Amino acid sequence: MEKQALQQLNQAVQTVFQQARQHVLTKMGEKLTVAEKTSRKDLVTNVDRSNELFLVQQLRQLDPQAHILAEEGLGDHVTSLAGHVWIVDPIDGTMNFVHQRNHFAIMAGYYVDGEPTLGYIYDVMGNRLYAGGPQVGVTVNGQPLAAPADLPLSDGLFGASAPLLIYNRFQMQAVVDASLGPRIMGSAGIQISQVLAGELVGYLSYLRPWDFAAGRVLAESLGLVVSQVDGTPVNMLSSGAVLVATKRAQRAILAIVTQTM
């Protein structure tokens, strides 16, 4: 895709995300319908579904040839990254959305023939929209975002997954101990945006494609690294333990994690 067309698409999608945020804020004033998906800790609401439908419809208008992989299943059955593919999370951090009314995000990642092209993370209550990609740069609310400092693990806070930390999966307790301390938010989008902003040196969690598709585009555009917990490349169509970090932090984390793998 030509850069000018990509810039126009980037601006159009940001407008869609602003509309999606307003949709969510409006729905928050109404009664929520909450259901369990796989467990009492895995929730879905009427707002997840209505926001996903809105995003899918808008993205189809902007990019009719694209396929859309969406968390709640209102998109397409996607089995390949060939062509144009959007990966959408209408509400990332639904538990936070239901119980805190804060700390949740709207996200989408755009891939062209498998290449990370555009990404969007909208911190809804903080009103911060991280947007862009390798060809158009990364912005926050339209202002350029500088790449975060390449700090080592020992010099920064680390975004931890609560289950991985509690059960010490992938040596998470040792990783956290080597950092300045853990920070747990319960939203991949919020914590990845904190890595983008330089507030964390890394984030590790078990993630599904819609949890990290946007973050990968934005992180790699800013010189951060995104990989599986063993350092191998991520698979955009499957779940796994995904690490987003500065280069120096990633090296330290992999040294800890791979000791027992």
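Throughout, read-outs are computed from the coordinates displayed, never taken from laboratory work. Everything quoted here is computed from the prediction, not taken from an experiment. With ideal geometry, Cβ positions are generated from the backbone for all residues, glycine too; neighbour counts draw on all protein chains shown.
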If you build a Gaussian network model of the chain, linking Cα atoms that sit under 10 Å apart, which residue out of 138, 201, 234 swings the most?
234
Length gained, residue 127-residue 162, 0.36 nm per residue minus C-alpha separation, equals 10.1 nm
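For the stretch 201-261, how big is Rg over Rh, using alpha carbon atoms and the Kirkwood form of Rh?
Answer for the stretch 201-261: 0.94.
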For the Cα atoms of the chain, what angle does the longest principal axis make with the long axis of helix 46-62, in degrees from 0 to 90, nearest 10?
70 degrees
Assuming 0.890 mPa s and 25 °C, estimate D for the stretch 137-177 with Stokes-Einstein, Rh taken as the Kirkwood radius over Cα pairs, in µm²/s.
196 µm²/s
Can you check what the net charge comes to around residue 153, using other residues whose Cβ is under 14 Å from the Cβ of residue 153 (Lys, Arg +1; Asp, Glu -1)?
+1
Expressed in angstrom and rounded, the centroid-to-centroid distance over alpha carbons for the stretch 160-223 and the stretch 22-98 is 22 Å
Excluding same-chain residues fewer than 8 positions from residue 27, which lysines have a Cα within less than 25 Å of its Cα?
37, 41
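So what's the convex hull volume per residue for the Cα atoms of the stretch 145-214, in Å³? Don't skip to the end; give the middle numbers.
Numbers: hull volume 5.8 nm³, N = 70.
Convex hull volume per residue, Cα atoms: 82 Å³.
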Quarter of Cα convex hull surface for the stretch 47-170, i.e. mean projection, nm²
10.0 nm²
How charged is the neighbourhood of residue 115? Take every other residue with its Cβ under 13 Å from the Cβ of residue 115, and add Lys/Arg as +1 and Asp/Glu as -1.
-1
Once exposed loop GluC sites (Glu not before Pro) are cut out (DSSP; at most 11 other Cβ, 10 Å), longest piece of the chain:
31-261
Can you tell me the dipole magnitude for the chain around its Cα centre, using point charges on the Cβ only (Lys, Arg +1; Asp, Glu -1), in Debye to the nearest 20?
420 debye
Using unit Cβ charges (K, R positive; D, E negative) and no other charged atoms, how large, in debye to the nearest 20, is the dipole of the stretch 136-261 about its Cα centre?
120 debye
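Give the Rg/Rh ratio for the stretch 72-137, taking Rg as the radius of gyration of the Cα atoms and Rh as the Kirkwood radius, to two decimals.
1.04
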From Cα pairs below 8 angstrom and at least 6 apart in sequence, can you work out the relative contact order of the chain, rounded to a whole percent?
16 percent
More than 34 angstrom apart: percent of Cα pairs within the chain
12 percent
Give the aspartates and glutamates whose C-alpha is closer than 15 Å to that of residue 31, dropping any in the same chain fewer than 8 places away, or say none.
48
